[in-house]
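Structure, as C-alpha cells:
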Amino acid sequence: MPRIAKLYFRTAIIFLIIGISMGLNMAISQDHSAIGAHAHANLLGWVTMAIFGGYHALNPAKAERRIAMIQYCVYTAGVALMVPALYLMLTGNPAMEPVVAIASLITFAGVLLFAVIIFSSEAATRPAVTAH
Ligand code: HEM
Ligand code: HEM
C-alpha cells in the first residue's frame, strides 16, 4: 500500500476512536449537544479519510506525487482543528466559532486539492515507456 494511503488509514482510525468516544459520552450522559462534533469527526475523519486513502491505494502512481502529501497535510490540519473547536463551541464556548469557520475553510481547501488529484491525468506520472 502506498505510504500516503497508510497514513490516511492511520489518521482515519484515530478520528473514529475520537468520534465514537464522543458518541458514547453523549449516549451515557444523555447530553447530545456535541452531536455536530461527533458526526463530523466520524464523517470528515473516519469516512472521508478512508475514502481518500482507498483512492490512493487504487492509484499508486498518483499517491507518489507531492500534491498528495500537501493535500493530506491541508485536509488533516483542517479536520484536526475543526473537530475539537466544534466540540468546544457546541459544549458552551461560543468564542470558538471563528476557529471553526477558519478550520472549515482549511478542510474545504483540502477537498478542493483532492478534486485536483482526482481530475489530474494519471499519464503524467507514468514512467516513460522506452523501446528496447
Ligand atoms: C459506538 C459508536 C457510536 C455511538 C455510541 C454513537 C452515538 C450517537 C449519539 C448519542 C448521537 C445523537 C443522536 C441524537 O441526538 O439524535 C449520534 C448521532 C450521530 N452519529 Fe453517532 N454514534 C456512534 C458511531 C457513529 C459512527 C461510526 C458514525 C459515522 C460513521 C456516526 C454518525 C452519526 C451522525 C451522522 C449523527 C447525527 C445524526 C443526526 O443528525 O440525526 N456515529 N451518535
Ligand atoms: C468543511 C466541511 C463541512 C462543513 C463546514 C459542514 C457544516 C455543517 C453544518 C453547519 C451542519 C448543521 C449543524 C447543525 O444543524 O447544528 C452540518 C450538519 C451535518 N453534516 Fe456537515 N459540514 C461539512 C462536511 C460534511 C461532510 C463531508 C459530511 C458527510 C460525509 C457531513 C455530514 C453532516 C451531517 C450528517 C449533518 C447532520 C448532523 C448534525 O446535526 O451535526 N458534513 N454540517
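The values are calculated or read from the model by the stated rules, or taken from the named source; none is laboratory data. None of the values given here were measured: they were computed from a predicted structure. Every residue, glycine as well, gets a Cβ built from its backbone with ideal geometry; the counts of neighbours run over all protein chains shown. Remember, those area values only see protein heavy atoms, side chains included, never the ligands or the DNA or RNA. Shrake-Rupley method; radii C 1.70, N 1.55, O 1.52, S 1.80 Å.
Which of the residues spanning the range 75-99 are buried (at least 18 other Cβ atoms within 10 Å of the Cβ) and closer than 15 Å to G45 by Cβ?
Y75, T76, G78, V79, A80, M82, V83, A85, L86, Y87
Inside the range 46-85, can you point out the residues that are among the aliphatic types (A, V, I, L, M), over 24 Å from S21 (Cβ atoms) and touching a residue at least 24 places away in the same chain (Cβ under 8 Å)?
Once the filter is applied, which keeps residues that are among the aliphatic types (A, V, I, L, M), over 24 Å from S21 (Cβ atoms) and touching a residue at least 24 places away in the same chain (Cβ under 8 Å), the range 46-85 yields A57, A61, A63, I67, A68, M69, I70, V74.
Somewhere in the range 50-70, is a residue among the polar types (S, T, N, Q), farther than 23 Å from A5 by Cβ and open to solvent by less than 60 Å² (accessible area, probe 1.4 Å)?
No, that holds for no residue.
Output the number of residues of the range 30-73 satisfying the condition of being within 14 Å of ligand 2 (Cβ to nearest atom), outside any loop (DSSP other than H, G, I, E, B), more than 18 Å from I13 (Cα to Cα) and hydrophobic (A, V, I, L, M, F, W, C).
Total satisfying the criteria: 1.
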